[in-house]
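Heads up: the structure comes next, in structure tokens.
The values are calculated or read from the model by the stated rules, or taken from the named source; none is laboratory data. What you see is a predicted model, and the numbers here were worked out from it, not measured in a lab. Backbone-built Cβ (ideal geometry, glycine too); neighbour counts: all protein chains shown.
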Amino acid sequence: MPTLDARETALENPIPELAATLRVFQPAPNVLAFYDGRVAGARAYSGEPNWLDDGAYELGICTYAILSGAEALVYDTHISLAHARRIRAMLTARGVDRIKVVLSHWHRDHIAGNEVFADCEIIAHSLTAQALDEQRVSIETGSPPIKPLVGPMRTYEEMLQLQVGNISVELRHVDIHSRDGTLLLLPEIDLLFAGDALEDPITYVAEPDRLAIHLVDLQRIAAWPIRRILPNHGDPNVIAAGGYEPGLIAATIHYVQTLIRSRSEPELAKAPLSDWIEDDLALRRISVFPPYEKVHKHNVARMQALGAAEG
Ligand SMILES: [Zn+2]
């Protein structure tokens, strides 16, 4: 009875209209969080493998806006044009008429809504602009496609200071998760927007040959004045309540150190994720979210492949 089976599966795993499950939180007085995904059993785009569901919706994805008067800074443009349109409409409804966009890095789940902000200033690290140029064809023809791909019109290198109404924002370049990372620091309230440099419960390894560099930059940000952290992938309840404590950085450092060790320790590579992160779970720096088991397997496999390639 394949037809009935298929229908039952469809009912248990409904494909909602894109952006139908988008939720809005206010983690700080001048900050809105646009959270989608982590909806049990649900996919947003397709039952087939695709970056939107597998890389973002299933794990949970959150982008942000910093608002002051009629100005807003949008940090990443979310996973579809539908999401970006709803975000822009919410800002307009709050009286915003001047928008700057900052991209955390070049990965698809962070830039898919750029076209909706094509008339605004889109700012990114120069390496983000370069990666988007290099990946243009695969991004525009992927599943789902992001077409036309709109890139940044302004780039920076180490650091850039911006003013959003009366809020100061610092863009800081980091080489964590991907070499083109841009984090935002709000020095007046010690709030860090972490892009994909920090994830709960574990980081996603996209550039395995650079983990030692990532570790150096993780230790660098651990010394920044930070009271709360808002990541792009994390627990909606923690984000809604104001974000993570700095212990999320320490948890990420532990996990990356263990990944590096796992290259030469086969028993460690085979151990379940819960063994790797039990101390940081006990300290409540991170929490269990089962779909990250797959991310962990992917990470370990990337490290093993690297070890094999280098002999
Ligand atoms: Zn991401």
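Working only within the range 237-246, note down all residues that are more than 15 Å from the ligand (Cβ to nearest atom) and in contact with a strand residue (DSSP E or B) (Cβ under 9 Å, 6 or more places away or on another chain).
Just the residues of the range 237-246 that are more than 15 Å from the ligand (Cβ to nearest atom), to begin with: 237-238, 240-246.
Matches in the range 237-246: VAL238, ALA240, ALA241, GLY242, GLY243, TYR244, GLU245, PRO246.
Of these, LEU230, LEU281, LEU306, LEU273, which one is touching a Lys or Arg at 6+ places or on another chain (Cβ under 8 Å) and either touching a residue at least 24 places away in the same chain (Cβ under 8 Å) or of a type outside the set (Phe, Trp, Tyr) (or both)?
LEU306
Taking ALA65 as meeting all but one of (1) under 22 Å from GLU207 (Cβ atoms); (2) under 17 Å from the mean Cα position of the chain (by Cα), write down the number of the exception.
Evaluating ALA65 over (1) under 22 Å from GLU207 (Cβ atoms); (2) under 17 Å from the mean Cα position of the chain (by Cα) leaves (1) as the failure.
Take the residues in the range 144-170 that are among the small types (Gly, Ala, Ser) and in a loop (DSSP other than H, G, I, E, B); name whichever of them is farthest from the chain's Cα centre (by Cα).
GLY165
Go through (1) in contact with a helix residue (DSSP H, G or I) (Cβ under 6 Å, 6 or more places away or on another chain); (2) farther than 25 Å from HIS177 by Cα one by one and return the number of the condition ASP109 breaks.
Condition (2) is where ASP109 drops out.
Filter the range 188-228 down to the residues that are more than 21 Å from LEU59 (Cα to Cα) and within 16 Å of the ligand (Cβ to nearest atom) and list them by number.
If the condition is that a residue be more than 21 Å from LEU59 (Cα to Cα) and within 16 Å of the ligand (Cβ to nearest atom), then HIS214 is the only one that fits.
Checking the conditions here, which among THR252, THR203 is touching a Phe, Trp or Tyr at 6+ places or on another chain (Cβ under 8 Å) and in contact (Cβ under 8 Å) with a residue 12 or more places away in the chain?
On the way: THR252 fails: touching a Phe, Trp or Tyr at 6+ places or on another chain (Cβ under 8 Å).
Criteria check complete, one pass: THR203.
For GLN304, indicate whether it is in a helix (DSSP H, G or I), modelled with pLDDT under 95 and farther than 20 Å from ARG38 by Cβ.
Answer is yes for this residue.
Output the number of the condition that GLU121 fails; it satisfies all remaining conditions of (1) of a type in the set (D, E, K, R); (2) touching a helix residue (DSSP H, G or I) at 6+ places or on another chain (Cβ under 8 Å); (3) closer than 14 Å to LEU160 by Cβ.
Evaluating GLU121 over (1) of a type in the set (D, E, K, R); (2) touching a helix residue (DSSP H, G or I) at 6+ places or on another chain (Cβ under 8 Å); (3) closer than 14 Å to LEU160 by Cβ leaves (2) as the failure.
Among the strands (runs of 3 or more DSSP E) contained in the range 37-121, which hold 3 or more residues that are closer than 30 Å to GLU293 by Cβ and within 16 Å of the ligand (Cβ to nearest atom)?
In the range 37-121, 61-68 are the strands (runs of 3 or more DSSP E) which contain 3 or more residues that are closer than 30 Å to GLU293 by Cβ and within 16 Å of the ligand (Cβ to nearest atom).
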